[in-house]
Every structure is written in structure tokens, then in C-alpha cells.
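*Asks:* This is the structure I want to talk about, given as C-alpha cells.
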Amino acid sequence: MPEITQVVKRSGAIVLFSQERITNAIYRAAVAVGGRDRSMAERLSDQVVRLLEATTPAGEIPSVEDIQNLVEKVLIENGHARTAKAYILYRNDRTRLREQRAVREAASGSIPWRKVYEVLNWAIDHDLHTVERLNARIARGEFPDIVRETDEAYHQDIRRAAEIIDDRRHEVKIVIIAGPSSSGKTTTTTKLSQVLTDMGLSLVPLTVDHYFYDLALHPKDEHGDYDYETPQALDLALINEHLARLVAGEAVRIPYYDFKTGRQHRDHTPMQLGPDDIILIDSLHGLYADMTTAVEPERKFKLYIEPLLQMKGPDGRYVRWTDLRLMRRMERDAAHRAYDPRRTLEHWHYVRSSEMRNILPYVNSVDHIVASGLPYELPVMRRRLFDSFAQWIVDYRDDPLRQDAYERAVRVHALLKGVTPVEDESAIPSDSLLREFIGGSSLKY
């Protein structure tokens, strides 16, 4: 086995290898959970070095990431789960700090780090922080347990949101549930409505999709795609007018949008609030400032939903939330809109572009965040979509106009390849958020 003398830093610089730094990192994590045995840290670092020497090919220099992955492995395999958790959290913190330094302040400010920490903490506690650990639990027959644990966390998130709204029931007149495409807004809206109704609040839904301009007014790109993903596709002035009048107790007639014909019909449906009613808005662009600017901030409660899954894929990198949503939308579009999933993939550049401009800049202005990432959706999507992504890699490889689709196909295919598929979906309850996308939901949307 080759002796390790050098290591590659994240910057690409090559520096001298130091086992003491591994020992210090392990000991620091142990101290964080009440441990003070440095000799144990030294013995564990000896194991890390032996494993590193055994797995590093001759002539290659290991990276910092390689070493940190082995530290996690050694800690867990030696039964030091709490120390491993502290180490992983510290490592994630260092990653976050590096990312904050690497991007502009405005961009870094759009990530809800506190909530991400909560989700990561939960994932480690439930042994679901890597695809490898997910697969191990599935292999032990624990898929139904994974579903149950995940759904419990999701429902607790919704319950906390409802309690905040209840505390502000005398001032809040609009509850906005916003989030990017396929984040789970519809199911979350339905479940939050149920909880709030049980608390005695009266909710009146307002579907802002009815405020879409006529399809003939939408521009097309070179592929003939319409852009529904921008808030400018909505009549924002009319939305504001109606919201202001409704909050003031006036009656309005909201429009109706016919998706079959692409036409908006004005003055279609009468609407008026009672003294104890609250408007409920489920909208892709609910956080977009110009949508509700006519209503005072204290009259609004803004909830943001995002699949903040904290799980490392086979490549050691965290699974991208946008890839989860892409797969969800493929399944939903195919099941409910008769769209070829290929079309969803080709259209996704519109989705992401609009999110970056019109959703993410407002995330840190919200009152509450619901994490909708489901560890158990990966094995479900593995069975349903893996072969399709393999085919799309072939189809788009040499198409310069579909480079975005090709890159996404390559990335998602590599992720799903490392996931153990689940054939039996019966453990997923009929009111699961995932049922919004894969079908079989008992909820009325």
C-alpha cells in the first residue's frame, strides 16, 4: 500500500498530508457530543489512514473530500454515531461557509440555511443522509418505516405553520403558499387548510391561475414553447385590485381561465369575504412582491415550500432539489396532463430561469418554511424514470439546442443508478405528498 504524503485541497492546491488534522477533526466532533478521549480519536484516525492507503490507487493523490468521506465511514462503522453526526454537521457548516464566500451575498442570502440545518439534523438522526444509508435501510425491509418517519416530519412542519397563523388570526387576511414548480404546494395547501379549519378558521381559496393572460399574448421560443413560468404571464394589476378590495370587505368577480382554449374570461365568479374569512393563495409566484403589493405586509402570512432534501448521492454531493422537482413534474405531467416526460425535460430551462429571477430572491422574506423533500421518492422514481433518462442521454448528446436537457439527464441518471428501486408502492399512503405526482391520492385538489 502506498504511503500517503500529499493531499489535494478543494482549490486544487497540493499540500502535505497530516494525520494529526484527521485526529483533531475527530476529537473536535467527539467533544461536541461530550467525549474527551483523545486516544480514541487517534486510534480512529489510524483506521482512516489505513483505509485511505488501501483505497488510493498507486500514483494518485487523495482529496480532502476523499478523506472526509472515510472519516464518516470509520466513525459510523465503529459505533460512534453521535460523533459522526457532529462531524457531518461541522463538515456541512464548513461547506456552507465556503459557498457563501464563493457566491455573491444576494445569491447566498436566498438559501434558508437554518431550515437546511434542521433537515440535515433529521436526516442524520434517521440514517437517511446518504443514498448508501437509504439503500441499507431498504435492504433491511424498512421502506415502510422510512415513509412513516418522513411523513411525520412533513406533517409536523405543517402543524407549526398552522399554529403561527392561529396566533395571528386577528390580523392575517391572506395566507400565501408559494414555492417552485412541483415542490408540493397543492398537497401542502390542502393539508394546511384541514388543520386551520379544525382550529376554527374560515378559508376562502383564490386560484391566481385564473388571472393568466390569453395564451395568444404569450411569446414563444425557437422550440415553440409557451412560458407559463413567469409572473408576467399573470394580470398582476387585476390580482392586486381584487385582493385590496376583498381585504376591504368588497365584492369582486374574479376571472376564469380556460386552459383548453387559452382564454381568460373576465368577471366570471363572484367572491366576497366574511368578517372571519382568510384568503388562501397557492401560487408558484406567491412571494413575488408585485403580486400582492396592494396589501399591507402585516395582513399576509407567507409560507414557502421546497424539497430541502439533505442526502448525498453516489458522487458524494448533495442531491439537487431541482432534480427532485423535475422528476415529480415529469410524473405529474404524464399522469394528469398527458405530457411526454421528454417535453417536461426540454421545458425545464424555463422553470429554472423563472425561479432564479422571481422566487429565490424572496425566500428569506417568508414567515415559515415547509420542507417537502421525501427520501422515499428516490427509490420510487428509480423504477419509474431510470430507463427514460438513459435514453435521453443518447438522444440529446449531439443536440446543441438541447444541451441543458442533456446535462440534466446525465446528472439525474447517475443519481438514480445508485438508488435501490422499490417495486411495491403500497406503503405510501393515499394522502402522501408524493401521491400528488405519482397518482393514487385520496385528497381532493
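*Asks:* Among the residues of the stretch 161-172, is there at least one that is at pLDDT 95 or above and of a type in the set (Lys, Arg)?
*Replies:* no
*Asks:* Let me ask something else about it. List pairs: first in the stretch 375-388 and assigned by TED's automatic domain parsing to the domain that holds residue 143 and farther than 15 Å from residue 341 by Cβ, second among the aromatic types (Phe, Trp, Tyr) and assigned to a helix (DSSP H, G or I), Cβ under 7 Å, 6+ apart or cross-chain?
*Replies:* Within 7 Å, the pairs are 376/143.
*Asks:* Would you check which residues across the stretch 229-245 are without any contact (Cβ under 8 Å) to a residue 60 or more places away in the chain, among the aliphatic types (A, V, I, L, M) and within 18 Å of residue 176 (Cα to Cα) and list them?
*Replies:* 234, 236, 237, 238, 239, 244
*Asks:* Going by what's in this entry, would residue 236 be described as touching an Asp or Glu at 6+ places or on another chain (Cβ under 6 Å) and hydrophobic (A, V, I, L, M, F, W, C)?
*Replies:* Yes; evaluated as a whole, the condition is true for this residue.
*Asks:* Failed condition for residue 400, given (1) in contact (Cβ under 8 Å) with a residue 24 or more places away in the chain; (2) farther than 23 Å from residue 133 by Cβ; (3) of a type outside the set (Val, Ile, Thr), with all others met?
*Replies:* The single condition residue 400 does not satisfy is (1).
*Asks:* Taking the conditions exactly as written (among the β-branched types (Val, Ile, Thr), modelled with pLDDT of 90 or more and in contact with a strand residue (DSSP E or B) (Cβ under 8 Å, 6 or more places away or on another chain)), does residue 279 satisfy them or not?
*Replies:* In short, yes.
*Asks:* Got a number for residues in the stretch 222-254 being modelled with pLDDT of 80 or more, in a loop (DSSP other than H, G, I, E, B) and either under 28 Å from residue 353 (Cβ atoms) or outside the structural domain of residue 299 (by TED's automatic domain parsing) (or both)?
*Replies:* Going through the stretch 222-254 one residue at a time, the tally reaches 1.
*Asks:* Does residue 310 fit the bill of being among the polar types (S, T, N, Q), under 27 Å from residue 415 (Cα atoms) and in the same structural domain as residue 372 (by TED's automatic domain parsing)?
*Replies:* Yes.
Here's the yes/no breakdown for (1) farther than 30 Å from residue 312 by Cβ; (2) surrounded by fewer than 22 Cβ atoms within 10 Å (Cβ to Cβ); (3) touching a residue at least 60 places away in the same chain (Cβ under 8 Å):
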| residue | (1), (2), (3) |
| --- | --- |
| 144 | no, yes, yes |
| 152 | no, yes, no |
| 155 | no, yes, no |
| 176 | yes, no, yes |
| 208 | yes, no, yes |
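Residues are listed down the side, and each one gets a yes or a no for (1) part of a helix (DSSP H, G or I); (2) under 27 Å from the mean Cα position of the chain (by Cα); (3) assigned by TED's automatic domain parsing to the domain that holds residue 343:
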{"site": "151", "(1), (2), (3)": "yes, yes, yes"}
{"site": "154", "(1), (2), (3)": "yes, yes, yes"}
{"site": "157", "(1), (2), (3)": "yes, yes, yes"}
{"site": "164", "(1), (2), (3)": "yes, yes, yes"}
{"site": "171", "(1), (2), (3)": "no, no, yes"}
{"site": "176", "(1), (2), (3)": "no, yes, yes"}
{"site": "182", "(1), (2), (3)": "no, yes, yes"}
{"site": "186", "(1), (2), (3)": "yes, yes, yes"}
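*Asks:* Then there is this: How many residues does the stretch 321-368 contain that are modelled with pLDDT of 90 or more and more than 20 Å from residue 409 (Cβ to Cβ)?
*Replies:* 3
*Asks:* What number goes with the only condition from (1) within 22 Å of residue 190 (Cβ to Cβ); (2) part of a helix (DSSP H, G or I) that residue 431 does not pass?
*Replies:* (2)
The values are calculated or read from the model by the stated rules, or taken from the named source; none is laboratory data. These numbers were taken from a predicted model, which means no experiment stands behind them. Methodologically, a virtual Cβ is constructed for each residue, glycine included, from the backbone with ideal geometry; neighbour enumeration extends over all protein chains shown.
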